[in-house]
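Okay, so here's the structure we're looking at.
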Amino acid sequence: MLDKTLSPASFEQRLYEGWEASGAFSADPASGAAPFTIMIPPPNVTGSLHIGHALTFTIQDTLIRWRRMQGRDALWQPGTDHAGIATQMVVERLLGSQGVNRRDIGREKFLEHVWEWKAQSGGSITRQLRSLGASLDWPRERFTMDAGLSDAVREVFVTLHEQGLIYRDKRLVNWDSKFQTAISDLEVENREMKGSLWHLRYPVEGEPGRFLVVATTRPETMLGDTAVAVHPDDERFRDLVGRHVILPLTGRRIPVVADEYSDPEKGSGAVKITPAHDFNDFAVGKRHGVAMPSILDAQGAVWLEEIEASLQAVPGVADPAFVRSLAGQDRFAARKAIVAELERLELLEKIEPHNNAVPHGDRSGVPIEPRLTMQWYCDAATLAKPAIEAVETGRTEFVPKHFENVFFSWMRDIQPWCISRQLWWGHQIPAWYAPDGSVFVARTEEEAYAQARAKLGDGVTLTRDEDVLDTWFSSALWPFSTLGWPRKTPELEKYYPGDVLVTGWDIIFFWVARMMMMGHHFMGDAPFKTVYIHGLVRDEKGQKMSKSKGNVIDPLELVDSFGADALRFTIASLATPGRDVKLGRKRVEDFRSFGTKLWNAARFCEMNGIAPNASFDPSKVQTPLARWILDAANSAIAEATAALEAYRMDDYAGACYRFVWNSFCDWFLEFAKPALNGPDGAEKAEVKGAAQHVLGTILRLLHPVMPYLTEELWDRFGYGAEFSLIRAAWPEPVAVPGAEEARAELDWLVSLISTVRGVRSEMNVPPSVTVPLLLQGASAGTLARGERWIEAIRRLGRATEFRALAEGEAPKGVAQAVVGEATVLLPLAEVIDLGAERARLAREQDKVKAEMAKITAKLSNADFVSRAKPEVVEENRERLAASEAELARLQAALARISD
RNA sequence: GGGCACUUAGCUCAGCGGUAGAGCGCCUCGUUUACACCGAGGAUGCCGGCGGUUCGAAUCCGUCAGUGCCCA
């Protein structure tokens, strides 16, 4: 016997372990079944499960479970990425708390600590995913630093290098001065900051007393200025182009150049050019061939080595001693000192308040410093081409489609991808340097030495590049590296390309773009056919969840409180493609009742001896009720399947919800009660047969989104062996004889009962009062139906009998309502207020009249009749006729009580 | 500054050319033996504004306004 209340905690863990132990999550490369593959976008190994994960993995698990039930050989590839910066940061902090600095213990020792950390606390997310019910193929779990995946990384690096698609270059990078490494554009977030615009006076050479005023948000960088740019059309500065100004403090003589980058509307109209510390200035500097000295070191402190030689004393303008005093000062301290010095020299024209977007490292939180360094780059533009083409030709499709624009705009303007990172944790770059600076890129050190000896002779000593690769470099290979590439494996053969990548729109550039670039280049095909983009989870007010705001909700806590199924069903119901999901505890609490409803319906079935019956044949059913519910189940199956095919989790959940609650519980079980309470016989047997069949269908239909509850009921009822629902067949519509007539009959019955209930409620008839239903103008068919359903009508319509109004019978004080061709009279002389009933009927009439007026207006429009589709015109004619008939019946009803 | 999305019942959102919907909330009623995480009934909308296309527009097109996001 099922418990009176549903308690998910009592079975979730047991079921998960049962599935896992039985191998239900495992793909089988040897099977002949068509594969269905989802590559988990590998979460960060340092991460723990947050609500955004719950969203994305619920969607993925729902798709995987559904396809598995459809008989596909489902592979859902689990694993984590090694998260270079994040992991190194975590371990450094840990060591720091023990007073250990990584530089003191050295690279090797430090990496031992990282692996130790990983073994102990890394990947807790994979354990947490289990409580969500995620049916990942755990024995296949991979980590981007695994040996196999590392081989893939080396292979890709060397190959791309050989092909000229990976190269070293000295360019500006986003430098994170906290972690002292280059980071990607995508790891930079712009923060709107209140700052200032400093207007600085640069003395014009050869014209004492004349200044060119430049406006800057970063006065400290002026030490590295090598030009001033003005707009070529700007009359104010035309005579200065080609001449020079004296850079204050350093005394350097720098040219005034004409460049369209300078915006005459902004600031003073003249802009200082610091090529080594600003991306725009870098471009201007390149155009004009000026020097590019760096003036900050890796920590963001003033560094004079590259400008020392050019320092020159200029009375009242420049003093090398002051500049030297700045050496080693932090960039922000230096700013203060420089501004003060300029002010003292009266070279500071003014300071304006100014808001600007300041780039910050998304992990370090410190302002990013553009820095000119030698790094490894990947020619992303070349790799992007086939990926762009795949989306253009529809070989890879985005759902929803408009996200393709985001993808295109990024991919078509993609910059060289800086792939080296000045970290210890990650894939060390397979490049070795000879003392003469030659670079040898090879799969192994031996190979590198072989190359080096061939070129430089025996006895050469190589040192390996200290840097590691961007974590995304290895994640980009995930769709094939996890399958064994570069080895040719059965898995690679069978599961590449995958079917769908599921991720949020914020990650299009990271996973989607890079996986596509590498997939096309190395596998000759896109890594997935569909990219399903979902939204981000926000709080109930639509705000982004963040620890600092304190508005995060913990999915594991929600699972504890309401069960994994409730959380999953809530997420599915709210997951409209591409739209952000506003989610709070309350929403999950509300949706929990759906699981309870299903549980109780099952419990009712159990109490009535409804049990799995394999010999039940839905094509043989006779009763309208069985036919009707089986037919409705067919519709639900069709709707749910279509919704899943279209990645509409909300529609899928909605279709299940409506069928279970509104069709199965509200009407079917209620209509079944008389038969179930009645004597054994063919009718009862058939109702029970239909009930068990439909309950089984419901469990299978809901399993992808509510795996635990459905499996528990499946097992308890004995629809199959323990833990077998996960592998049960996805329901298919069954042939139901006489479905159309059954639908007509049950629709009529529902309409009759609803109408009677409505009238009673409006007339304030207490439920304890039961009355006869007297039919005026009812057809023989209707009367026969009433006969058949008398028990249900009594029970649900609070009626004593259902019969035709006798000839000459004229009960006083009736409430009336039109149902189909008939009018139902409820004799309520004792309880009814005739005035109220008249008013009610008049309101009904008004409604019908308004409806008629609308339709009449349409039909009397000649253009409508001649131009609209014939079936639309016909439909309106029918509706008008129906309304006219209803109005006539209402008028008759009113007349009946008017005297 | 460029681009994208959104604006429908009190709230959260479906619908995207042919009778305005759901869930939650609200109001009324309810010990009918599955379920109060329930049942029955009810109210609530110039579908952001203005133009246009169309026989017909919440739905298509322009435009304006507001909101959010991405890129610069």
TODO: Find all pairs meeting these conditions: Cβ atoms under 9 angstrom apart; at least six residues apart or on different chains; first residue within region A:787-806 and touching a residue at least 24 places away in the same chain (Cβ under 8 Å) and open to solvent by 50 Å² or more (accessible area, probe 1.4 Å); second residue within 14 Å of RNA strand B (Cβ to nearest atom) and charged (D, E, K, R).
DONE: A:E791/A:K673; A:R795/A:E670; A:R795/A:K673; A:R798/A:R757; A:R798/A:R760; A:T800/A:R794; A:E801/A:R794
- [ ] Those residues that are in a helix (DSSP H, G or I), of a type outside the set (F, W, Y) and open to solvent by less than 20 Å² (accessible area, probe 1.4 Å), I need them from region A:107-149; list them, please.
- [x] A:V114, A:I125, A:T126, A:L129, A:L132, A:L149
Task: Members of region A:490-536 found to be touching a strand residue (DSSP E or B) at 6+ places or on another chain (Cβ under 7 Å), within 16 Å of RNA strand B (Cβ to nearest atom) and open to solvent by 20 Å² or more (accessible area, probe 1.4 Å), listed by number - done: A:W505, A:W511, A:L536
Open item on the list: Quick check on this structure: which one of A:S898, A:S866, A:S860 is polar (S, T, N, Q), farther than 25 Å from A:L749 by Cα, more than 16 Å from RNA strand B (Cβ to nearest atom) and loosely packed, with under 15 Cβ neighbours inside 10 Å?
Closed with: A:S898
Open item on the list: Looking at A:K854 and the list (1) open to solvent by 70 Å² or more (accessible area, probe 1.4 Å); (2) away from RNA strand B (no atom under 11 Å from the Cβ); (3) free of Cβ contacts under 8 Å to residues at least 40 places away in the same chain, which single condition is not satisfied?
Closed with: (2)
- [ ] Looking at (1) in contact (Cβ under 8 Å) with a residue 12 or more places away in the chain; (2) outside the structural domain of A:A333 (by TED's automatic domain parsing), find the lone condition where A:D259 falls short.
- [x] (2)
- [ ] Go over the candidates A:V90, A:V100 one by one and state the one that is assigned to a helix (DSSP H, G or I) and over 25 Å from A:T530 (Cα atoms).
- [x] A:V90
Open item on the list: I'd like the full set of residues that are charged (D, E, K, R) and within 16 Å of RNA strand B (Cβ to nearest atom), limited to region A:779-810.
Closed with: A:E791, A:R794, A:R795, A:R798
Task: One residue from A:V257, A:V213, A:V241 being among the β-branched types (V, I, T) and surrounded by 22 or more Cβ atoms within 10 Å (Cβ to Cβ) - done: A:V257
TODO: Filter region A:543-582 down to residues that are within 15 Å of the chain's Cα centre (by Cα) and open to solvent by 10 Å² or more (accessible area, probe 1.4 Å), then give me how many there are.
DONE: 10
TODO: Could you check how many residues of region A:278-294 are assigned to a loop (DSSP other than H, G, I, E, B) and either open to solvent by less than 60 Å² (accessible area, probe 1.4 Å) or in contact with a helix residue (DSSP H, G or I) (Cβ under 6 Å, 6 or more places away or on another chain) (or both)?
DONE: 5
Open item on the list: So A:V873 passes all but one of these: (1) over 50 Å from the mean Cα position of the chain (by Cα); (2) over 28 Å from A:S761 (Cβ atoms); (3) open to solvent by less than 30 Å² (accessible area, probe 1.4 Å). Which condition number does it fail?
Closed with: (1)
TODO: Take the residues in region A:1-40 that are hydrophobic (A, V, I, L, M, F, W, C) and within 16 Å of RNA strand B (Cβ to nearest atom), then tell me which one is farthest from A:H53 (Cα to Cα).
DONE: A:M1
Open item on the list: I need the full set of residues from region A:754-784 which are β-branched (V, I, T) and in contact (Cβ under 8 Å) with a residue 40 or more places away in the chain, in order please.
Closed with: A:T755, A:V756, A:V759, A:V765, A:V769, A:V771, A:T782
- [ ] Could you pull out every one of the helices (runs of 4 or more DSSP H) wholly within region A:813-899 that has 3 or more residues that are aliphatic (A, V, I, L, M)?
- [x] A:834-859, A:870-896
- [ ] Would you confirm whether any residue within region A:469-487 is open to solvent by 70 Å² or more (accessible area, probe 1.4 Å), more than 24 Å from A:A83 (Cα to Cα), assigned by TED's automatic domain parsing to the domain that holds A:P41 and not hydrophobic (A, V, I, L, M, F, W, C)?
- [x] yes
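Condition check ((1) charged (D, E, K, R); (2) more than 30 Å from the chain's Cα centre (by Cα); (3) under 30 Å from A:F282 (Cβ atoms)) across all residues:
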site: A:I105; (1), (2), (3): no, yes, no
site: A:A119; (1), (2), (3): no, no, no
site: A:S124; (1), (2), (3): no, no, no
site: A:D137; (1), (2), (3): yes, no, no
site: A:L165; (1), (2), (3): no, yes, yes
Open item on the list: I'd like to know if region A:362-372 contains one or more residues that are open to solvent by less than 10 Å² (accessible area, probe 1.4 Å), within 12 Å of RNA strand B (Cβ to nearest atom) and either in contact with a helix residue (DSSP H, G or I) (Cβ under 7 Å, 6 or more places away or on another chain) or modelled with pLDDT under 85 (or both).
Closed with: no
TODO: For A:K684, state whether it is within 13 Å of RNA strand B (Cβ to nearest atom), over 32 Å from the mean Cα position of the chain (by Cα) and open to solvent by 10 Å² or more (accessible area, probe 1.4 Å).
DONE: no
Open item on the list: The conditions are (1) part of a strand (DSSP E or B); (2) crowded, with 19+ Cβ neighbours inside 10 Å, and A:L223 fails exactly one of them. Which is it?
Closed with: (1)
TODO: Starting from region A:656-679, keep only residues that are under 29 Å from A:R568 (Cβ atoms), then list their pairs with residues that are within 10 Å of RNA strand B (Cβ to nearest atom) and of a type in the set (F, W, Y) whose Cβ atoms are within a distance under 8 Å, requiring at least 6 positions of separation or different chains.
DONE: A:Y657/A:F594; A:V660/A:F594; A:W661/A:F594; A:L669/A:F604
- [ ] Return the pairs, sorted by first residue and then second, in which the second residue is near RNA strand B (Cβ under 8 Å from one of its atoms) and at pLDDT below 85, the first residue lies in region A:399-416 and is closer than 15 Å to A:P386 by Cα, the beta carbons are less than 6 Å apart, and the residues are 6+ apart or on different chains.
- [x] A:W410/A:F509
TODO: Residues that are in contact with a Phe, Trp or Tyr (Cβ under 9 Å, 6 or more places away or on another chain) and among the aliphatic types (A, V, I, L, M): find the helices (runs of 4 or more DSSP H) completely inside region A:492-585 holding 3 or more of those.
DONE: A:513-523, A:564-574
Open item on the list: Of everything in region A:430-445, what is touching a residue at least 40 places away in the same chain (Cβ under 8 Å) and open to solvent by 10 Å² or more (accessible area, probe 1.4 Å)? Give them in sequence order.
Closed with: A:V439, A:V441, A:R443
TODO: Being surrounded by 14 or more Cβ atoms within 10 Å (Cβ to Cβ) and over 19 Å from A:L890 (Cα atoms) is the filter; apply it to region A:742-768 and report the residue that is farthest from RNA strand B (Cβ to nearest atom).
DONE: A:A742
- [ ] Check off (1) among the aliphatic types (A, V, I, L, M); (2) in contact with a Phe, Trp or Tyr (Cβ under 6 Å, 6 or more places away or on another chain); (3) open to solvent by less than 20 Å² (accessible area, probe 1.4 Å) for A:V399 and give me the number that stays unchecked.
- [x] (3)
Open item on the list: Out of the residues in region A:626-666 meeting the condition of being open to solvent by 40 Å² or more (accessible area, probe 1.4 Å) and among the hydrophobic types (A, V, I, L, M, F, W, C), tell me which one is nearest to the chain's Cα centre (by Cα).
Closed with: A:A646
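The values are calculated or read from the model by the stated rules, or taken from the named source; none is laboratory data. No experiment lies behind these values; they were computed from the predicted model shown. Positions of Cβ are generated from backbone atoms using ideal geometry, with glycine treated the same way; all protein chains shown enter the neighbour counts. Keep in mind that these areas ignore ligands, DNA and RNA; they rest on the heavy atoms of the full protein, side chains included. Shrake-Rupley method; radii C 1.70, N 1.55, O 1.52, S 1.80 Å.
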